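First up is the structure itself, then whatever we jot down about it.
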Amino acid sequence: MGKASDKMIPDCDVIVVGSGFAGIYALREARRRGFHVRGFEKAPDVGGTWYWNSYPGARCDVASYYYAYFFDREVVRQWNWSNVCAGQEEIQRYLRFAAEHCGIVDLISFNTTVRSATYSDDTGLWAVETLAKETLAKETGANETVLCRYLILAIGALSEPKTPDIEGVQNFAGEMYFTSYWPKDKVVDFRGKRVGVIGTGSSGVQVIPEVAKVARDVHVFQRTANYVVPTLAGPMNPAIVSSLRENPDAVRGKLRQTYGGNQPLNIGKHRFHELDEAGRLAALERAWEGHYVALAFWDAHLPEANAAISDFVRGKIRELVRDPRTAHRLVPWDHPLGGKRVCQSDIYFQTFNEPNVKLVCLRETPIESVTRDGITTSAETIPLDVIIYATGFDAMSGPVLAIDITGMNGLSMKQAWADGPMNYLGTMVNGFPNLFLPSSAMSPSVFSNMATLAEQQIDFIFDTVSWLEERGSARIHPRADSQKRWREETLQSAKRRPGALTTKSWYSGANVPGKPRVFMVYCGGFKRYHDACSAEVEGGFPSYELLPPAVST
Ligand code: NAP
C-alpha cells in the first residue's frame with residue numbers, strides 16, 4: 001500500500017505540472033530558492049488556459065493593468081499591453097515572454113500529460129507518471145516515472161472541458177469545435193457556413209458575435225440567459241502604467257489587501273441606501289456608461305443593491321435587442337447578477353439584431369439530439385455545417401480528478417473527494433502530504449484576479465516548503481478538522497453572496513450531471529484568505545500535521 005516505487009532517492013526536489021500563470025511562477029520560485037525542479041505541460045507551449053482557449057473573440061475581462069505578474073520589475077517594465085482587456089493571443093505571448101525572461105522554459109517537458117501521482121508511505125516521495133504525446137514518445141522514449149519530494153499541480157481551475165451531455169454529438173458529419181480546445185493547426189473559416197453555437201457563458205458570449213460577423217447564419221442554443229455587461233476594453237492609460245512600473249512590489253502588496261486581488265478601475269461613490277430612486281437610477285446609468293455596472297454602488301454586494309443592479313441590466317437588454325420576443329428570452333430571470341459568472345461584451349446583445357442570427361431558447365424547445373446534419377430540438381431540425389460547443393468545464397475538482405492521485409495508506413483522491421472537494425486554504429489535502437493544488441477549489445479563485453492569486457498561492461506554497469526544509473525535509477498535510485473548518489467557512493462566506501447558493505452554476509458543480517454539489521469558491525475575500533495563509537506561516541502551521549522526514553530523504 002502506498003508503495004509507489006522501489007527507488008529511495010528522488011529524481012528532483014519539486015515537480016510542477018502546468019505552465020499557466022501559477023506554473024511559470026512556481027518553476028521560477030523553485031529554481032530561485034535552489035531546488036532541483038522539473039515541469040510537465042501537456043500543451044506544446046506555455047500559457048495554460050490562455051494556450052487552449054484560442055477561439056475567436058477570446059479575451060480577458062480583468063484589466064490588463066492588474067491581470068499580470070508583479071514579482072519581477074523587468075517583466076512589469078518591459079511588457080506593453082495593447083488594450084485594457086488583452087486578447088488571448090497577447091496574453092499567451094506575455095506568458096511566453098515571462099517564462100523566457102525567468103529562464104524556466106528549458107525546465108519544462110512539453111507535450112507531456114501527467115497520468116498519475118502516487119505517494120509512498122515508505123519513502124515520502126511522489127512518483128509522477130507521465131505520458132508524452134505518441135510522436136514524441138517514439139522519438140525519445142519520453143514516458144517517464146519521476147520521483148520528487150514536493151508536487152505542485154498548477155493545472156488550473158478551468159482546464160478540464162466538460163463532456164457535452166447531449167445525445168448524438170459524435171453523429172454530426174460537419175465540423176465540430178470546442179471553445180476550450182480550439183484548433184491550432186488551421187484557421188477555422190466560417191464564411192458562408194451555417195453555424196450552431198451551444199452555450200452562452202463567458203466563452204459563448206465572446207465567440208458568438210465574432211462568428212456572426214462572417215457566417216451565413218448562426219443559431220445560438222441558449223439554455224440559461226446570462227447577464228452580459230460592457231467590457232473595460234480600450235486604450236491603456238499611460239499614467240496608470242507608469243505608476244505600476246514605479247514600484248511593482250508595492251502594487252503586489254496592495255492587491256493582496258483588496259477583496260478581489262484587483263483594483264477596480266471605477267466603483268460607485270454612494271451607498272445604496274444613501275440614494276433615492278432617481279439617485280440610484282443616475283448611479284446605475286453612470287456605471288453602465290463607465291463600464292462598472294456590477295459595482296454601481298459602494299455596497300453593491302447588499303442583496304437589495306444587487307437586485308437593483310440585476311433589474312437595471314435586464315432593462316438594458318430589452319433596450320439593446322430590437323425584437324421584443326428575442327429580448328425577453330435573453331433576459332436572465334432565474335438568478336441574480338453574480339449567481340453565475342457575469343459575462344462581458346460590448347456587442348453580444350446587438351448581435352441578435354443581425355438578420356443572420358437566431359436565438360433558440362432551449363427552455364422552450366430543448367435539444368433532443370445532435371444528428372448527422374444538424375441539431376434537432378423538440379420543435380424542429382436545424383441543418384448546420386458547423387457546431388461550436390461553448391459548454392464549459394468540469395471546474396475546480398475536474399482537473400485534479402483527471403489525474404490518478406494516490407496519497408497516504410493507498411487513499412485515492414477520488415475516494416477522498418467522493419462527496420466533493422475537501423482541502424485546507426485551497427491548497428493542500430489531508431492524507432496527501434507535500435502535494436499542492438494552487439487554483440483549485442476553496443480558494444478565492446474566480447472571484448478574484450487569478451494572476452494575483454497565482455503569485456500569492458505559489459508564495460504561500462514555497463513558504464511552506466522552505467519551512468519544511470528548515471526542519472530536515474519533513475512532510476506536511478492539513479489536519480482533517482482544519483479542512484472541515486475551511487469547507488464550513490467557505491460555505492458561510494457563500495451565504496453572504498447574492499445568488500451563490502441558489503443558482504445552478506459551475507461554482508457548485510451543478511453544470512456536470514452527477515457531480516457532488518459543493519460550493520467551491522471562497523467568497524470571504526482575497527485579503528482575508530491571504531491573512532489566513534500568512535497566519536499559518538507565521539504561527540508554524542498550527543492547522544497541519546507535521547510528519548517526520550522519511551528515512552531515505
Ligand atoms: P460556462 O460558463 O459553464 O457556460 C457553459 C454554457 O454552456 C452555459 O450557457 C450552459 O448552460 C451551456 N451548456 C452546457 N451544457 C449544455 C447542454 N447540454 N445543453 C445546452 N447548453 C449547455 O462555460 P464558459 O463559457 O466556457 O466559461 C467558464 C468560465 O471560464 C467562466 O465562468 C469564466 O470564469 C472563465 N472564462 C473567462 C473569460 C474571460 O475572462 N473573458 C472567457 C471565457 C471563460 P447553463 O448555464 O444552462 O448550464
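The values are calculated or read from the model by the stated rules, or taken from the named source; none is laboratory data. As the structure is a computational prediction, the values presented were derived from the model and not from experiment. All Cβ positions, even for glycine, are placed from backbone atoms using ideal geometry, and neighbour counts span all protein chains on display.
Out of everything in the range 22-57 that is more than 23 Å from Phe460 (Cβ to Cβ) and of a type in the set (D, E, K, R), what residue ends up being surrounded by the fewest Cβ atoms within 10 Å (Cβ to Cβ)?
Ranking the qualifying residues of the range 22-57, first place goes to Asp45.
If you scan the range 183-227, which residues turn out to be within 16 Å of the ligand (Cβ to nearest atom) and closer than 17 Å to Asp385 by Cα?
If the condition is that a residue be within 16 Å of the ligand (Cβ to nearest atom) and closer than 17 Å to Asp385 by Cα, then Val195, Gly196, Val197, Ile198, Val207, Ile208, Glu210, Val211, Val218, His219, Val220, Phe221 are the ones that fit.
Pull out all pairs, ordered by first then second residue, where Cβ-Cβ is under 7 Å, the residues are six or more apart or on different chains, the first lies in the range 267-278 and is of a type in the set (Val, Ile, Thr) and part of a loop (DSSP other than H, G, I, E, B), and the second is modelled with pLDDT of 95 or more and surrounded by 15 or more Cβ atoms within 10 Å (Cβ to Cβ).
Pairs that qualify, where the first residue is of a type in the set (Val, Ile, Thr) and part of a loop (DSSP other than H, G, I, E, B) and the partner is modelled with pLDDT of 95 or more and surrounded by 15 or more Cβ atoms within 10 Å (Cβ to Cβ), are Ile267/Tyr292; Ile267/Leu295; Ile267/Trp298.
Looking at the structure I just gave you, is Ala30 at pLDDT 95 or above and more than 13 Å from the ligand (Cβ to nearest atom)?
yes
Pairs please, first residue from the range 495-509 and closer than 11 Å to Phe519 by Cα, second anywhere and outside any loop (DSSP other than H, G, I, E, B) and within 11 Å of the ligand (Cβ to nearest atom), Cβ atoms under 7 Å, 6+ apart in sequence or on different chains.
Filtered contacts from the range 495-509: Ala500/Tyr507; Trp506/Phe393; Tyr507/Val521.
Here's the yes/no breakdown for (1) surrounded by fewer than 18 Cβ atoms within 10 Å (Cβ to Cβ); (2) at pLDDT 95 or above:
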| position | (1), (2) |
| --- | --- |
| Leu265 | yes, no |
| Gly268 | no, yes |
| Asp276 | yes, yes |
| Gly279 | yes, yes |
| Glu285 | yes, yes |
| Ala296 | no, yes |
| Asn306 | no, yes |
| Pro324 | yes, yes |
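Considering only residues of the range 512-553 that are of a type in the set (Phe, Trp, Tyr) and more than 26 Å from Arg252 (Cα to Cα), which is surrounded by the most Cβ atoms within 10 Å (Cβ to Cβ)?
Phe519
Evaluate the range 452-473: report whether one residue or more is closer than 30 Å to Thr224 by Cβ, buried (at least 24 other Cβ atoms within 10 Å of the Cβ) and within 13 Å of the ligand (Cβ to nearest atom).
Yes, there is a match, as at least one residue in the range 452-473 is closer than 30 Å to Thr224 by Cβ, buried (at least 24 other Cβ atoms within 10 Å of the Cβ) and within 13 Å of the ligand (Cβ to nearest atom).
Looking at this structure, is Val357 among the hydrophobic types (A, V, I, L, M, F, W, C) and within 11 Å of the ligand (Cβ to nearest atom)?
Spelling it out, it is not the case that Val357 is among the hydrophobic types (A, V, I, L, M, F, W, C) and within 11 Å of the ligand (Cβ to nearest atom).
Output the residue which, of all residues in the range 490-511 that are part of a helix (DSSP H, G or I) and surrounded by fewer than 18 Cβ atoms within 10 Å (Cβ to Cβ), is farthest from the ligand (Cβ to nearest atom).
Applying the filter and picking the extreme gives Gln492.
Here are some residues: Ile387, Ile405. Which one is of a type in the set (Val, Ile, Thr) and more than 16 Å from the ligand (Cβ to nearest atom)?
Ile405
Can you tell me which residue within the range 58-74, out of those that are touching a residue at least 60 places away in the same chain (Cβ under 8 Å) and surrounded by fewer than 21 Cβ atoms within 10 Å (Cβ to Cβ), is farthest from the ligand (Cβ to nearest atom)?
If we take residues in the range 58-74 being touching a residue at least 60 places away in the same chain (Cβ under 8 Å) and surrounded by fewer than 21 Cβ atoms within 10 Å (Cβ to Cβ), then Arg73 is farthest from the ligand (Cβ to nearest atom).
Is it the case that the range 454-472 has a residue that's in contact (Cβ under 8 Å) with a residue 12 or more places away in the chain, within 29 Å of Val14 (Cβ to Cβ) and in a loop (DSSP other than H, G, I, E, B)?
yes
When both residues are 6+ apart or on different chains and their Cβ atoms are under 8 Å apart, which pairs have a first residue that lies in the range 102-131 and is farther than 20 Å from Ala26 by Cα, and a second that is among the aromatic types (Phe, Trp, Tyr) and in a strand (DSSP E or B)?
Thr118/Trp126; Tyr119/Trp126; Ser120/Trp126
Kindly provide the set of residues from the range 501-526 that are farther than 18 Å from Ser397 by Cα, within 17 Å of the chain's Cα centre (by Cα) and not aromatic (Phe, Trp, Tyr), ordered by number.
Gly525
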